[in-house]
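Worksheet: the structure to be examined is printed underneath.
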Amino acid sequence: MISLSNISFHYPQSNFRLQLDELSFHSGTKTAVVGPSGFGKTTLLHLISGIYIPQNGEVEVHGKKVHLMSDAERRTFRLTNMGFVFQDFKLLEYLNVMDNILLPYRINKVLKLEKALKNHVFEIASMLSIEDKLARNPGNLSQGERQRVAICRALLTNPSIILADEPTGNLDPENKQNIMRILFDYVSKKDATLVAVTHDHELLDGFDHVVDFKEIYTSA
Amino acid sequence: MRQSLYLAFTYLKFHKVRSLVLIFSIGLILYLPAGLKKLISESEALMLHRAETTPLIIGAKGSSTDLAINTLYFHQESTDPIPKKMLGDVNATGLGYGIPLVSMFKARNFPIVGTDSEYFHFRQLSLAAGRWMGYIGECVIGSEVASDLKISVGDSLVSSPENYFDLAGIYPLKMNVVGVMASSDSPDDKAVFVDVKTNWVIMGLGHGHEDVAQIIDPTIITKRDTNEVQAGAKLRMQNAISVDNLDSFHFHGNMEDYPLNALIFVPKDQKSETIFRGRFASGDLPNQVIVPKEVIDGLLQRIFKIKQLLNAVFLLVGVATFSILSLIFALSIRLRKDEIYTMFTIGSGRWKVAEIILLEMVLLFVGSMVFVGLLYGMTGIFVEKFINTFII
């Protein structure tokens, strides 16, 4: 369960301000966040993940108040509970697919990089049909394959929350459907929570809920 | 730390060219002052050793540096000759003995050095193959001459003509290689040693030809009477000396006036050296006598001054290079902001990112130091080249 209440957030030296009274996402649900650009959809994901701390209000995830945690606690919480999927994949070009997927384990001691983990990577990679691409660098993959690598990295830690920022933004229609099917399947199997920012209204049918930021601001 | 090291190494490996250029640049800047210091100190040791083991040099008045360099390194810089009779004069002093040296020609770019057997004893040179030269026209070659030209005992070596188009000039002489010297890590390895008379033959002061008393062809013999026989240009000259034609070789004029470049004088003891130098200073003996160590010392002092100037230049270039490298690093971190953002988002802390970037720098530095080590180790190989190119 994710809940945000009485949120007020603004960036330093910027006129942008995000105001949210109440917003919650239940476990096992898939929520699409839509709305025009510049309305704070990505900021919402950053607030949920604890990358940003609101100036006012509370962010609670699985009963824990994220905004009250220290930097290190928030990092650990994010690593162990959340998986990120980005529109531009955010893969490191100098690492091969295997190392990109294992990156969370290489940058934080909280996650233990054990030998058995590579088998787990192979399982998820097989599920995403990229098991034969593990030795390649991202530059040698198609857009759809890159997004599947990014999803593999996000799912490797078995997160209970997936935060996806326009995950299909750079993909062709066929890949869009594939990627969303993978994410939806994961949510169903693991009873996880999916919060996905999207501009693609064709995909909204697959979600349980849709949060329209335009409406939130209009009603406010 | 291990994971950060892995990520840092993988980043550098992926950007191979960039990493190698940085390693090369940092390494070169670190190496230059240290390498130059080693080069100069090893050159100094090598040059001083050669000079210190040569007590005195006698030569024509003029540049003492040229005289020392010519005698020690067979450089063939233009200096006035001294007559051969000088050898007899210095030996007659009873204060030591002289070793003649004459080096004016080359054979396939290696200097031909005319001397006598005392030289080899004095320098403690030994043979790797064959024997020392016994007759004119024979030569003993240094180890590098043998390896570079791929010649050995039984082969021959021809002196290089000074001017191909000067028909009246000096003709090449074919010399028989009778010995190859063992390596001595000195300029002797790069010389072709002959008897001084062989050198005079190359100069044209001595020659061999058909016996004019036996020739009746009037197109060769232009004049014959009881006192003299004159031959024309058609007379066949020998361009090689062998057992068969050795007797036909002869010298014209007074051999005591024949030229030498220098004499190495080996005094019996310190007292003899002092007396001998005194005689030159008082004008009892003509020409000049030099102490090679003093001359080379003076030469090296000038080199050290240049070294100090170069060190200052390297320091400035180093500061400029490291400023540019710092800028490159700063710009590269800005260019990598997406990558750093990804790491933060996924769960990395600021220190972790700093650790990875710091380790990249450490790896580049370590790589540069390995490069410096390699260059430093190789510096010794270039000492002789450095001496020949920049000092003498």
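The values are calculated or read from the model by the stated rules, or taken from the named source; none is laboratory data. This is a predicted model, so every value here is computed, not measured. Please note: Cβ atoms are built from the backbone with ideal geometry, for glycine as well, and neighbour counts cover all protein chains shown. Note: accessible area is taken over every heavy atom of the protein model, side chains too, but ligands, DNA and RNA are not part of it. Shrake-Rupley method; radii C 1.70, N 1.55, O 1.52, S 1.80 Å.
Taking B:ASP66 and the conditions (1) assigned by TED's automatic domain parsing to the domain that holds B:ASP185; (2) in contact (Cβ under 8 Å) with a residue 24 or more places away in the chain; (3) part of a helix (DSSP H, G or I); (4) of a type outside the set (Lys, Arg), which numbered condition does it fall short on, given that it satisfies the others?
Result: B:ASP66 fails condition (2) only.
Looking at B:ASP66, B:ASP116, B:ASP89 in this structure, which one is in contact with a strand residue (DSSP E or B) (Cβ under 8 Å, 6 or more places away or on another chain) and open to solvent by 10 Å² or more (accessible area, probe 1.4 Å)? Break it down into steps so the answer makes sense when it comes.
Numbers: B:ASP66 fails: in contact with a strand residue (DSSP E or B) (Cβ under 8 Å, 6 or more places away or on another chain); B:ASP89 fails: in contact with a strand residue (DSSP E or B) (Cβ under 8 Å, 6 or more places away or on another chain).
The match here is B:ASP116.
Across region A:169-185, which residue is least open to solvent (accessible area, probe 1.4 Å) among those that are touching a residue at least 40 places away in the same chain (Cβ under 8 Å) and closer than 19 Å to A:LYS30 by Cα?
Of region A:169-185, the ones touching a residue at least 40 places away in the same chain (Cβ under 8 Å) are A:169-170, A:182-184.
Of the ones still in play, those that are also closer than 19 Å to A:LYS30 by Cα are A:169, A:182-184.
Working: A:GLY169: 42, A:ILE182: 21, A:LEU183: 0, A:PHE184: 35 Å².
Ranking the qualifying residues of region A:169-185, first place goes to A:LEU183.
Before we move on, is B:ILE306 surrounded by fewer than 17 Cβ atoms within 10 Å (Cβ to Cβ), more than 30 Å from A:VAL110 (Cβ to Cβ) and more than 14 Å from every other protein chain (Cβ to nearest Cβ)?
Working: surrounded by fewer than 17 Cβ atoms within 10 Å (Cβ to Cβ): yes; more than 30 Å from A:VAL110 (Cβ to Cβ): yes; more than 14 Å from every other protein chain (Cβ to nearest Cβ): yes.
When the stated conditions are applied, B:ILE306 passes them.
Is it true that some residue in region A:150-167 is among the charged types (D, E, K, R), crowded, with 18+ Cβ neighbours inside 10 Å and within 14 Å of chain B (Cβ to nearest Cβ)?
yes
Going by what's in this entry, would B:PRO81 be described as touching a strand residue (DSSP E or B) at 6+ places or on another chain (Cβ under 8 Å) and buried (at least 17 other Cβ atoms within 10 Å of the Cβ)?
Working: touching a strand residue (DSSP E or B) at 6+ places or on another chain (Cβ under 8 Å): yes; buried (at least 17 other Cβ atoms within 10 Å of the Cβ): no.
Here the answer is no, as B:PRO81 does not meet what is asked.
Six or more apart or on different chains, Cβ under 6 Å: which pairs go from a residue in region B:294-308 that's without any contact (Cβ under 8 Å) to a residue 12 or more places away in the chain to one that's surrounded by 13 or more Cβ atoms within 10 Å (Cβ to Cβ)? Could you list them?
none
Among the residues of region A:14-52, write down those that are assigned to a strand (DSSP E or B) and under 19 Å from A:LEU183 (Cα atoms).
Answer for region A:14-52, where residues must be assigned to a strand (DSSP E or B) and under 19 Å from A:LEU183 (Cα atoms): A:PHE25, A:LYS30, A:THR31, A:ALA32, A:VAL33, A:VAL34.
Look at region A:11-24 and say how many of its residues are of a type in the set (Gly, Ala, Ser) and either buried (at least 16 other Cβ atoms within 10 Å of the Cβ) or without any contact (Cβ under 8 Å) to a residue 12 or more places away in the chain (or both). Lay out the reasoning, then the answer.
Going through region A:11-24, the residues of a type in the set (Gly, Ala, Ser) turn out to be A:14, A:24.
The next check asks that each one be either buried (at least 16 other Cβ atoms within 10 Å of the Cβ) or without any contact (Cβ under 8 Å) to a residue 12 or more places away in the chain (or both); those that pass are A:14.
Final tally of qualifying residues: 1.
Looking only at residues that are at pLDDT 85 or above, part of a helix (DSSP H, G or I) and of a type in the set (S, T, N, Q) in region B:261-297, which one is most open to solvent (accessible area, probe 1.4 Å)?
Out of the qualifying residues, it is B:GLN270.
Taking only pairs six or more apart or across chains, which ones have beta-carbon atoms under 7 Å, a first residue in region B:1-30 that is closer than 10 Å to B:VAL372 by Cα and more than 13 Å from every other protein chain (Cβ to nearest Cβ), and a second residue that is part of a helix (DSSP H, G or I) and aromatic (Phe, Trp, Tyr)?
Taking only residues 6 or more apart or on different chains, the pairs are B:ILE23/B:PHE371; B:PHE24/B:PHE371; B:ILE26/B:PHE365; B:GLY27/B:PHE371.
Just the residues that are open to solvent by 30 Å² or more (accessible area, probe 1.4 Å) and among the hydrophobic types (A, V, I, L, M, F, W, C), please, taken from region B:92-113.
Scanning region B:92-113 gives B:ALA92, B:MET104.
From A:SER3, A:SER27, A:SER70, A:SER8, which residue is open to solvent by less than 20 Å² (accessible area, probe 1.4 Å) and farther than 25 Å from B:ARG336 by Cα?
One residue alone meets the criteria, A:SER8.
Just give me the residues in region A:189-212 being more than 15 Å from A:THR168 (Cβ to Cβ), surrounded by fewer than 21 Cβ atoms within 10 Å (Cβ to Cβ) and in contact (Cβ under 8 Å) with a residue 12 or more places away in the chain, in sequence order. Quick ask: steps written out before the conclusion?
Let us first name the residues in region A:189-212 that are more than 15 Å from A:THR168 (Cβ to Cβ), namely A:189-193, A:208-212.
Then keep just the ones that are surrounded by fewer than 21 Cβ atoms within 10 Å (Cβ to Cβ); that gives A:189-191, A:208-212.
If the condition is that a residue be more than 15 Å from A:THR168 (Cβ to Cβ), surrounded by fewer than 21 Cβ atoms within 10 Å (Cβ to Cβ) and in contact (Cβ under 8 Å) with a residue 12 or more places away in the chain, then A:LYS190, A:ASP191, A:ASP208, A:HIS209, A:VAL210, A:VAL211, A:ASP212 are the ones that fit.
Scanning for something open to solvent by 20 Å² or more (accessible area, probe 1.4 Å), assigned to a loop (DSSP other than H, G, I, E, B) and at the interface with chain B (Cβ under 7 Å from one of its Cβ atoms), does region A:73-87 turn up at least one residue?
no
Can you tell me which of (1) within 9 Å of chain B (Cβ to nearest Cβ); (2) at pLDDT below 85 is the one A:LYS112 doesn't meet?
Result: A:LYS112 passes all but (1).
Only one of (1) more than 14 Å from every other protein chain (Cβ to nearest Cβ); (2) touching a residue at least 12 places away in the same chain (Cβ under 8 Å); (3) not acidic (Asp, Glu) fails for A:LEU95. Which number is that?
A:LEU95 satisfies every listed condition except (1).
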